[in-house]
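*Asks:* One structure is given below, represented as structure tokens, and several questions about it will come after.
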Amino acid sequence: MSDVLFLPVSIQTIQRSYFGQEASTILSLCPSHFINMLIKDILTVTALLVSQVSAHGLVTRIKGANGVNMPGLTIIDGVPRDCPSAACGGQKDTAIIRDGEMGGIKASPLGRTMGAGPVNAATVINKFLGTAAEKRGRVPPSERRRQLINDAASVITNAGGAILNGAQDLADKTPLGGAIKSAQSAVDDALSIVPGLKSGAMTAQGTSENGVQLYSGKGASTGLPTASADGVVTVIYHQVNQDGAGPLTADIDPSSGGTNPKAFVSAQVIQNIPGVAGFSTSSTMDYEVKVQVPKGMKCTGTVGAAKNVCIVRIRNTAISGPFGGSAAFTQ
């Protein structure tokens, strides 16, 4: 689904843009309330389309069987984790991972984020190993303009306390915020009885990302996180809002360090999160997700200063995405 831009314009401009000059002249003869109602419906649909590109979830941590924890490969320090909309900045480090965008300048095989553009695994890995200062690709001016427009649109579409697609950051600041989160948690707990699913934990108010700085240089002595003896990789997946839900799918790249789309091999998610086609009632929740490394797979990739690297990529099936993230590990 292509990104939709939304800007406030005059009724006359909308008439000409949507219906053409001749049709606009005919419409000018119709009752004004009819025209306003028609245009309102069009703008409502447009706003919904805008909100569909504002739905997110990402990998924030990988928990190694060797006791080593490491940040996800898309995270950006300072991004709030307790709010779900673009307006609050809570979506900037979620990866949009679309097969059709991989291999070009728009996105890497690990996707792209609104805050940093194409995802480069070496950025976080080198910071974790203490071998390089954190550097992120500069987002093109056109992308920054689109981000500002979508952020503004998010404020409009999220106002009024609607739950879907990022409105809850406003509701959370009201007396109803706690009740909404409790209801979401109850639904999440109920769904966790389904085999292969596990309930999540509500993200605490005031939480913001700090993983890059927190783990900076720690990998120099510990090395990368490892899969378990039976080949299971455990990550923490942060669901930003309702379209960041499950079921999640996973792929593992054992050789290219996340640079070659063809290097990824499908992997089974043995502990998933609730959701249907990328939707659920939850937002600002953290889940433990487990992925089974395919039998016989060996990590041989080189990323920056790291050797024997595998990259696990996790994403959902949301039509407006897919959304997700990635992490590095070894064996």
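*Asks:* Could you figure out which of (1) touching a residue at least 60 places away in the same chain (Cβ under 8 Å); (2) under 17 Å from Leu73 (Cα atoms) isn't true of Thr281?
*Replies:* Here Thr281 meets the rest and fails (2).
Rundown of residues vs (1) under 19 Å from Asn210 (Cβ atoms); (2) basic (Lys, Arg); (3) in contact with a helix residue (DSSP H, G or I) (Cβ under 9 Å, 6 or more places away or on another chain); (4) assigned to a loop (DSSP other than H, G, I, E, B), yes/no style:
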| position | (1), (2), (3), (4) |
| --- | --- |
| Ala86 | no, no, yes, yes |
| Gln91 | yes, no, yes, yes |
| Gly100 | no, no, no, no |
| Ile105 | no, no, no, yes |
| Arg112 | no, yes, yes, no |
| Gly115 | yes, no, yes, yes |
| Ala122 | no, no, no, no |
| Ile125 | yes, no, yes, no |
| Phe128 | yes, no, yes, no |
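*Asks:* Could you tell me how many of the residues in the stretch 311-331 are over 16 Å from Val289 (Cβ atoms) and either part of a strand (DSSP E or B) or among the charged types (D, E, K, R) (or both)?
*Replies:* Looking only at that region, the number is 1.
*Asks:* Output yes when any residue across the stretch 246-255 is hydroxyl-bearing (Ser, Thr, Tyr) and without any contact (Cβ under 8 Å) to a residue 40 or more places away in the chain, and no when none is. First the steps, then the outcome.
*Replies:* Of the stretch 246-255, the ones hydroxyl-bearing (Ser, Thr, Tyr) are 249, 255.
Next cut, without any contact (Cβ under 8 Å) to a residue 40 or more places away in the chain only: none.
No, the stretch 246-255 contains no residue that is hydroxyl-bearing (Ser, Thr, Tyr) and without any contact (Cβ under 8 Å) to a residue 40 or more places away in the chain.
Residue by residue, here is whether (1) closer than 19 Å to Asp93 by Cβ; (2) of a type in the set (A, V, I, L, M, F, W, C) holds:
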| position | (1), (2) |
| --- | --- |
| Gln271 | no, no |
| Ser283 | yes, no |
| Asp286 | yes, no |
| Gln292 | no, no |
| Thr300 | no, no |
| Ala305 | no, yes |
| Ala328 | yes, yes |
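*Asks:* For the stretch 274-286, enumerate the residues that are among the small types (Gly, Ala, Ser), buried (at least 22 other Cβ atoms within 10 Å of the Cβ) and at positive phi.
*Replies:* Filtering the stretch 274-286 for residues among the small types (Gly, Ala, Ser) gives 275, 277-278, 280, 282-283.
Those still in the list that are buried (at least 22 other Cβ atoms within 10 Å of the Cβ) too: 275, 278, 280, 282-283.
Once the filter is applied, which keeps residues that are among the small types (Gly, Ala, Ser), buried (at least 22 other Cβ atoms within 10 Å of the Cβ) and at positive phi, the stretch 274-286 yields Gly275, Gly278.
*Asks:* If the Cβ limit is 7 Å and pairs must be 6+ apart or interchain, which residue in the stretch 97-122 that is assigned by TED's automatic domain parsing to the domain that holds Arg315 and more than 16 Å from Gly321 (Cα to Cα) pairs with which residue that is part of a helix (DSSP H, G or I) and not aliphatic (A, V, I, L, M)?
*Replies:* The qualifying pairs are Gly103/Pro261.
*Asks:* Would it be correct to say that Cys88 is touching a strand residue (DSSP E or B) at 6+ places or on another chain (Cβ under 8 Å) and at pLDDT below 95? So that I can check it myself, show each step before the final result.
*Replies:* Details: touching a strand residue (DSSP E or B) at 6+ places or on another chain (Cβ under 8 Å): yes; at pLDDT below 95: yes.
Yes, satisfied.
*Asks:* Anything in the stretch 199-228 that is touching a Phe, Trp or Tyr at 6+ places or on another chain (Cβ under 8 Å), within 30 Å of Thr302 (Cβ to Cβ) and not hydrophobic (A, V, I, L, M, F, W, C)? List them, or say none.
*Replies:* Tyr215, Ser216, Gly217, Lys218, Gly219, Pro225, Thr226
*Asks:* Next question. Can you tell me how many residues within the stretch 92-122 are touching a Pro at 6+ places or on another chain (Cβ under 8 Å) and of a type in the set (S, T, N, Q)?
*Replies:* Qualifying residue count for the region: 1.
*Asks:* Residues that are among the hydroxyl-bearing types (Ser, Thr, Tyr) and within 22 Å of Thr203 (Cβ to Cβ): list the strands (runs of 3 or more DSSP E) wholly contained in the stretch 232-276 that include at least 2 such residues.
*Replies:* Details: elements: 232-239, 249-253, 265-271.
So the answer is 232-239.
*Asks:* If you don't mind, there's one more thing I want to ask. Can you tell me which residue is nearest to the chain's Cα centre (by Cα) among those in the stretch 287-331 that are of a type in the set (D, E, K, R) and surrounded by 24 or more Cβ atoms within 10 Å (Cβ to Cβ)? Don't jump to the end; show me each part of the working.
*Replies:* As a first pass, look at the stretch 287-331 and keep what is of a type in the set (D, E, K, R): 288, 290, 295, 298, 307, 313, 315.
This time we only want the ones that are surrounded by 24 or more Cβ atoms within 10 Å (Cβ to Cβ), so: 313, 315.
On the way: Arg313: 12, Arg315: 8 Å.
Taking the candidates together, the pick is Arg315.
The values are calculated or read from the model by the stated rules, or taken from the named source; none is laboratory data. The model shown is predicted, which means the values in this text are computed figures rather than measured ones. Cβ sites come from the backbone with ideal geometry, for glycine too, and all protein chains shown count toward neighbours.
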